[in-house]
Amino acid sequence: MFGASGDSPSVQYSHNNLSFLKPENIKDRDKKPSDHDDYNPRTVHIPTDFLLKQTPAQRQWWELKSQYFDVVLFFKMGKFYELFHMDADVGVSELNLVYMKGETAHAGFPEVAYSRYAATLVEKGYKVARIEQTETPAMAEERIKNSKTKTTKFDKVVAREVCQVMSKGTRVNTFLDGHNYEGEPSYLLAVIEKPGPKFGVSFIDTTIGCFNISQFQDDKNLSRLRTLCAHYPPAEVLHCRGNLSQQTMNFFKASLPGVKKEALRSGSEFWDASKTLKVLAEGEYFVENGETRMSSVLAKYLDKCDTLGLTASSEG
């Protein structure tokens, strides 16, 4: 199916002519323009009138793309993963896939090749989302039959969800991987800074699922932060937007030039200590035999006066 030649890469596909994707018109999912201080480049606004003109499956794709604009979507359809529009361009240029015929950019591959293609894009610096069908056609029919509200043609498409987002810093083995990944440790580093400078860091080696957390006072040369990054070179860095000093930003740019750095919004994307502790408590991550046993590593950063473990120590 995907071995036949399609249109040549010189064809002007439909997504290249969409006005809302032009650099001067682009907005995030909350309709903030790209020059707004709180613009989120990981999302994109898709006009409602455009969505209403799409087929049910294409509307579903665009709605997911609006939430994962900076991610290549591997969109499951039957026994194949399909790539559409700008993602198809990536598949053709980076994976040597071929375009299918038509004015819509479209490429794809059999599901058995998922691991190989996903790993290739991740190694090239892309983020990849695996989108799976989460119901069968029969289940979709039953859902529509039991619906208490009026249904449209868009309700008839089978449900699909993002089941995994993978990047260099979050790569893990899944049941779809045809081989065990035995590469070098891949560290995902999250860092926050206070005047001093004082740093709070958390990093995980996703290849073995080992978390590390720490906080430390540094000198004007950032000696400790430099040592940390030398011993545990991150594949990806997460930080709170507007938090890091110019000196720290300059260090990351100069010393980790090929490493992806993501500035996350405070509160909603980059959680503070209170929200993190609340989520851990409500999720019962440390409950054993009906009793909460907080990790000894985390416990030393908690306020000793709060027996519920929901408050960080003021000494941090």
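The values are calculated or read from the model by the stated rules, or taken from the named source; none is laboratory data. What you see is a predicted model; the values in this text were computed from it and never measured. Every residue, glycine among them, receives a Cβ derived from its backbone with ideal geometry; neighbour counts consider all protein chains shown. With ligands, DNA and RNA removed, areas are computed over all heavy atoms of the protein, side chains included. Shrake-Rupley method; radii C 1.70, N 1.55, O 1.52, S 1.80 Å.
General observations
- Listed residues LEU238, LEU189 arranged by accessible area, highest first, probe 1.4 Å: LEU238, LEU189
- Estimated purely from DSSP H runs of n ≥ 4, each contributing -39500 (n - 2.57), the mean residue ellipticity at 222 nm for the chain is -7000 deg cm²/dmol once divided by its residues.
- Spin-label model, VAL112/ILE208: points 7 Å from Cα along the beta carbon direction are separated by 3.4 nm.
- Accessible carbon and sulfur surface of region 98-143 relative to its total accessible area, %, 1.4 Å: 56 percent
- Region 243-316, accessible surface, carbon-and-sulfur percent (1.4 angstrom probe): 52 percent
- For SER274, the solvent-accessible surface with a 1.4 Å probe is about 70 Å², rounded to the nearest 10.
- Using alpha-carbon coordinates, inclination of helix 114-123 to the longest axis of the chain, degrees: 50 degrees
- Of the beta bridges in the chain, as assigned by DSSP with both residues counted there, near 70 percent are antiparallel.
- Per-pair calculated FRET efficiency, R0 = 30 Å: SER295 and LYS198 via Cβ, rounded to 0.05: 0.85
- Normalised by the number of residues in region 27-116, the average gap of Cα pairs under 8 Å and 6 or more apart makes the relative contact order 19 percent.
- Across region 221-316, the relative contact order, built from alpha-carbon pairs under 8 Å that are at least six residues apart, equals 21 percent.
- Shape class of the chain from the alpha-carbon gyration tensor: prolate, with a/c at 1.5 or above and a/b greater than b/c.
- Degrees, to the nearest 10: 246-255 long Cα axis against longest axis of the chain: 60 degrees
- Based on Cα contacts under 8 Å between residues 6+ apart, region 171-291 shows a relative contact order of 20 percent.
- The gain in end-to-end length when the TRP271 to CYS305 segment is fully stretched comes to 10.0 nm, 0.36 nm per residue minus the alpha carbon separation.
- Calculated P(r) of region 61-189 - Cα pairs past 25 Å, %: 32 percent
- Dipole magnitude (debye, nearest 20) for region 192-310, charges at Cβ of Lys, Arg, Asp, Glu: 560 debye
- Rounded tilt (10° steps) of 85-95 against the dominant C-alpha axis of the chain: 80 degrees
- The distance between label points at SER66 and GLU288 comes to 4.6 nm (points 7 Å beyond Cα on the Cα→Cβ vector).
- Counting only DSSP beta bridges with both residues in region 33-145, the antiparallel share comes to about 65 percent.
- Exceeding the 18 Å Cα-Cα cut-off - candidates LYS32/LYS127; LYS127/LYS168; LYS22/LYS65; LYS32/LYS275: LYS32/LYS127; LYS32/LYS275
- Those GluC sites (Glu not before Pro) in region 181-276 that DSSP places in a loop and that have at most 13 other beta carbons within 10 Å: GLU182
- Stretchable slack from GLU94 to LYS31, in nm (0.36 nm times residue separation minus alpha-carbon distance): 19.6 nm
- Once backbone amide H atoms are built at 1.01 Å from N, GLU82 has PHE75, LYS76, MET77 as its partners under 5 Å, excluding neighbours fewer than 5 places away on the same chain.
- The Cβ shell under 14 Å around ASP28 holds other residues with a net charge of +2, Lys and Arg each +1, Asp and Glu each -1.
- Accessible heavy-atom area order of CYS229, CYS305, highest first, probe of 1.4 Å: CYS305, CYS229
- Ratio of Rg to Rh over region 129-249 (Cα coordinates, Kirkwood Rh, two decimals): 1.22
- Ranking by accessible area, most exposed first, for LEU18, LEU52 with a 1.4 Å probe: LEU52, LEU18
- In the full protein context, the chain carries 57 Å² of accessible surface per residue, based on a 1.4 Å probe and ignoring ligands, DNA and RNA.
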